[in-house]
Amino acid sequence: MNISRAKGTKDIFFDDMKIWEYVEENIKEICLKHNMNQIRTPIFEDTSLFSRSVGDETDIVNKEMYTFLDKGNRSITLRPELTAGVVRAYIENGFSSMPTPMKLWYIGTMYRYEKMQKGRYREFSQFGIEVLGSDSYLADIEVISVAYELFKKLGLLDKIALKINSIGCSECRTKYINELKEYLADKIDNMCDDCKTRYIKNPMRIIDCKQDKCKTAKQNLPMITDYLCDDCSKDFESLKQTLVDVGIEYEIDKTIVRGLDYYNKTVFEFISKDLDLAVGGGGRYDTLVEVLGGTHTPAIGFGLGMDRIILLLKECNLVPDKKQVDIYFTVMNSNIFPKVYNLINNLRDLGYIVDIDICSRSFNAQMKYAGKINCRYICVIGEDELKENLCSLKNMNTSNQVKVGMTAEEIHNILEGGN
Ligand code: HAM
């Protein structure tokens, strides 16, 4: 029986891989310009890290984690997200004694046992940033601006809507949750089973329930933004005004409460209209460092779904041009391979993509192969060329053919001239 890949995973290769590399290169460049440091944390962590941070009552922890006992009987979980791991690393490595704020970024795979559909996988990647050590709305601006710059660079700005909300601090939420429960008290019996549990354990999560039977009950739901304390309200106003001032478009979406428990105050999502999916989400988590055993450290970050960004780039035909092989060498006599190989490496040092037959194929077979790989030039070194110590460069676009000396400089001059 053939072994196939596990459900919800995928292989990434050839043209798709080029798109991934293109997105990753842009991410690296943008993060560098924002003075951020890359962090890599383990793919698996102690299970309690996620139950304590993401929250026991969330779908992620309750239904979607890949959890197992290792041979030492420890409960281990494949990370379903990376904020918790970064915060653990922040505490464990004493980052709080380093200059503040700490601006970190990562790209990595995550694991969630979810129902498969377009853009939803069981192994997926996120590009994320976490900024720890600032409680100012200016940090919110810096974080959102990283995603904004990426979407701009990828040509996706008009394809993605930034939706923001504030879910306040614990003080605002206590007041709000009382009001919310009171409003829902005579409606909850007609709502879905999940909402009935949420009503008891985490009432705010009722807000983003998509079930039809719950929609009617939620029509005039009180909204958290009407219950913000003075500080939270002031910060949210400053954030909105500054987003306008720095030219970042946004919409207010009072239904965004996020599916992870650690958030407070600013929360946001990046929604793709074409995919009808969130390509990213994030927000403040000012108490998480303390919850996990560190000192009080306000923080904010986001995670963007790499798989979804790549899907969107493909659907919108915004993929980078394919990189062509610049020169394919076809060689009559394999005795001269070392000489030609040195020439090839000199050309590679000049930045060209150069390839040569490594299957000891016949000259004809090499020519046939060269025709298939869509290269810019073929460099032929046959009997005549060998005698003259020259090589023939054929431009595959124009079919022009010239003989030049077997040096990187001479070949480079021809390619530069576009002959
Ligand atoms: P999240 O909203 O759970 O947030 O995930 C962020 C993004 O990851 C989503 O918007 C989506 O694009 C992508 N994503 C999630 N699940 C899947 C899936 N099954 N398949 C493909 N893509 C998926 C977090 O994970 C937070 N840690 C973000 C954060 C960082 N908040 C603060 N800092």
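Quick notes on this structure:
- Evaluated at q = 0.10, 0.12, 0.16 Å⁻¹, a Debye calculation over the C-alpha positions of segment 22-174 (equal weights, vacuum) places log10 I(q)/I(0) at -0.43, -0.63, -1.13.
- Bridgeable lysines around LYS403 (alpha carbons under 16 Å apart, same-chain partners fewer than 8 residues away excluded): LYS387, LYS394.
- For segment 275-355, the ratio of Cα radius of gyration to the globular rule of thumb 2.2 N^0.38 Å stands at 2.15.
- The residues neighbouring LEU138, those whose beta-carbon lies less than 13 Å from its own, together hold a net charge of -3 under the Lys/Arg +1, Asp/Glu -1 convention.
- Lys, Arg +1 and Asp, Glu -1 on Cβ, resulting dipole of segment 67-120 about Cα centre, debye, nearest 20: 260
- Pairwise centroid distance, computed over Cα atoms, of segment 23-81 with segment 88-130, Å: 6
- Over 28 Å between alpha carbons, listed pairs LYS33/LYS210; LYS314/LYS372; LYS153/LYS323; LYS33/LYS240; LYS153/LYS240: LYS33/LYS210
- Relative contact order (%) - the chain, alpha-carbon pairs under 8 angstrom, separation at least six: 15
- Per-residue Cβ neighbour counts within 10 Å put LEU350, LEU393 in the sequence LEU350, LEU393, beginning with the fewest.
- Cross-link reach list, aspartates and glutamates versus LYS63, counting only Cα pairs under 20 Å and skipping chain neighbours closer than eight places: GLU45, ASP46, GLU81, GLU114, GLU123, ASP193, ASP194, ASP208, ASP261
- In segment 259-359, Cα pairs under 8 Å separated by at least six residues give a relative contact order of 18 percent.
- For peptides 153-160, 39-46, sequence by mean Cβ density within 10 Å, most packed first: 153-160, 39-46
- Diffusion constant of the chain at 4 °C, which comes from Stokes-Einstein with the Kirkwood Cα-pair radius and 1.567 mPa s, µm²/s: 52
- The magnitude of the dipole of the chain, with charges of +1 and -1 set on the Cβ of Lys/Arg and Asp/Glu and taken from the Cα centre, is near 1140 debye.
- Spherically averaged projected area of segment 175-331 from its Cα convex hull (nm²): 16.1
- Length-normalised contact order of segment 1-85 in % [C-alpha pairs under 8 Å, at least 6 apart]: 25
- Most to least packed among 247-255, 168-176 [average Cβ atoms within 10 Å]: 168-176, 247-255
- Euclidean distance between Cα centres, segment 344-391 to segment 392-410, Å: 11
- Taking the Cα atoms of segment 174-216, the ratio Rg/Rh between the radius of gyration and the Kirkwood radius comes to 0.92.
- Cα lying deepest toward the dipole's positive end in segment 374-414, options ILE411, CYS379, ASN395, charges on Cβ: ASN395
- Residues ARG376, ARG361 in ascending order of nearby Cβ atoms (within 10 Å, fewest first): ARG361, ARG376.
- Look at TRP105, TRP20 and count the other Cβ atoms within 10 Å of each Cβ; fewest to most, that gives TRP20, TRP105.
- Packing order of peptides 378-388, 192-202, highest average first: 378-388, 192-202 (average count of other Cβ atoms within 10 Å over each peptide's residues).
- Taking 13 Å as the straight-line reach from the Cα of LYS118, the aspartates and glutamates in range (excluding those fewer than 8 positions away in the same chain) are ASP274, ASP276, ASP307, GLU315.
Every number in this text was worked out from the coordinates using simple rules, so none of it is lab data. Note that the structure is a prediction, hence the values are computed from the model and not measured. Note that each Cβ is placed from the backbone with ideal geometry, even for glycine, and that neighbours are counted across all protein chains shown.
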